[in-house]
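This report concerns only the one structure given below.
The values are calculated or read from the model by the stated rules, or taken from the named source; none is laboratory data. This is a predicted model, so every value here is computed, not measured. Cβ placement follows ideal geometry from the backbone for every residue including glycine, while neighbour counts extend to all protein chains displayed. Side chains are part of the model used for accessible areas, which takes the heavy atoms of the whole protein and leaves out ligands, DNA and RNA. Shrake-Rupley method; radii C 1.70, N 1.55, O 1.52, S 1.80 Å.
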Amino acid sequence: MIDMYNKDYLNEKSKVNIEILDEIDSTNEEAKRRILAGACNDFVILARKQTAGKGRKGRSFYSPKDTGIYFTFVHFTDDSSETVLKVTVAASVIAANAIKDALNIDCKIKWVNDLYFNNKKVSGTLCELILKDTMNNSHNAVIVGTGINLCTEDFPDELSGIAGSLKEKIANPGSIDDIVIGYANGLYDFFETNDLKPLMPLYKESSLVIGKEVELSDASGFLDKGIVTDFDEEGAMIIRNLLGEIKRFDSGEISLIIDGE
Ligand code: BTN
């Protein structure tokens, strides 16, 4: 466990209001409850512990008390160009940047948005979109939920060998506030323009998979296999498959093909 969050410092430096909760099922679910109850200004929720943290594809996100950042940013918008893919890709570069500024380490990004450090996943983001027609609100709501493992240990069996943390790099607790502030302000700035273009060079530079062979699948199974050649300005992944065809994918999940495996 570490000494988490200085509330006054966070709110003094952040461009968006940050609330810290002791314990919640999931910061994304709490955000949805607040949106449905009529919230209409952008906000951030942090929790010291989640009892039912959610990951992508229906997975859970392990969130023990005071060992990680469990963060949700809610942004209200009318801009229909704010796609979940674009926001998810933006979030990963912005998170990597915030971690780099606070801890001076380079995380690698596995498309779409998993962050890796020392070959272990240390962060993931679950973006959700609630359309205004489905609730009593005049704007759509974009929900960006991110978990960052700071000193998490004893991961459940299914995560051991895959998940890791930034423990060895956290020398002073103030740097945790700096990650949160950098990330919240980075997302705030991104939502001002919705332009992924300026973030793409860093996304590519930080990519774990560019130039590598990957296999892509979705809920119904295998989609394609090939070398990742690029990412476009919408955040989609471009691959050259085994037939030499150039294909663009805007959803799905990849696994790296390692020589000899
Ligand atoms: C993934 O790796 O699949 C995404 C993980 C997202 C976890 C974060 S923790 C804060 C927010 N609240 C949740 O329930 N999930 C996200």
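Quick rundown of the values:
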quantity: The lone exception for residue 238 - which of (1) in a helix (DSSP H, G or I); (2) free of Cβ contacts under 8 Å to residues at least 12 places away in the same chain; (3) in contact with an Asp or Glu (Cβ under 6 Å, 6 or more places away or on another chain) it fails; calculated: (1)
quantity: Scan of region 195-215 for residues that are surrounded by 18 or more Cβ atoms within 10 Å (Cβ to Cβ) and farther than 15 Å from residue 113 by Cα, ordered by number; calculated: 214
quantity: Close pairs from region 173-191: first outside any helix (DSSP H, G or I), partner of a type in the set (S, T, N, Q) and open to solvent by 20 Å² or more (accessible area, probe 1.4 Å), Cβ under 9 Å, at least 6 apart; calculated: 173/6
quantity: Any hit, region 99-110, residues being within 16 Å of the ligand (Cβ to nearest atom), hydrophobic (A, V, I, L, M, F, W, C) and outside any helix (DSSP H, G or I); calculated: yes
quantity: Leading residue by the ranking (farthest from the ligand (Cβ to nearest atom)) among those in region 119-145 that are in a loop (DSSP other than H, G, I, E, B) and among the polar types (S, T, N, Q); calculated: 138
quantity: Some residue of region 37-57 being aromatic (Phe, Trp, Tyr), assigned by TED's automatic domain parsing to the domain that holds residue 143 and farther than 22 Å from residue 159 by Cβ; calculated: yes
quantity: Residue list for region 146-194, filter: surrounded by fewer than 18 Cβ atoms within 10 Å (Cβ to Cβ), of a type in the set (D, E, K, R) and away from the ligand (no atom under 16 Å from the Cβ); calculated: 153, 154, 157, 167, 168, 169, 189, 192
quantity: Residue count for region 113-139, restricted to those that are open to solvent by 10 Å² or more (accessible area, probe 1.4 Å) and over 9 Å from the mean Cα position of the chain (by Cα); calculated: 18
quantity: Entirely in region 1-85, the strands (runs of 3 or more DSSP E) that have 3 or more residues that are open to solvent by less than 10 Å² (accessible area, probe 1.4 Å); calculated: 43-47, 68-77
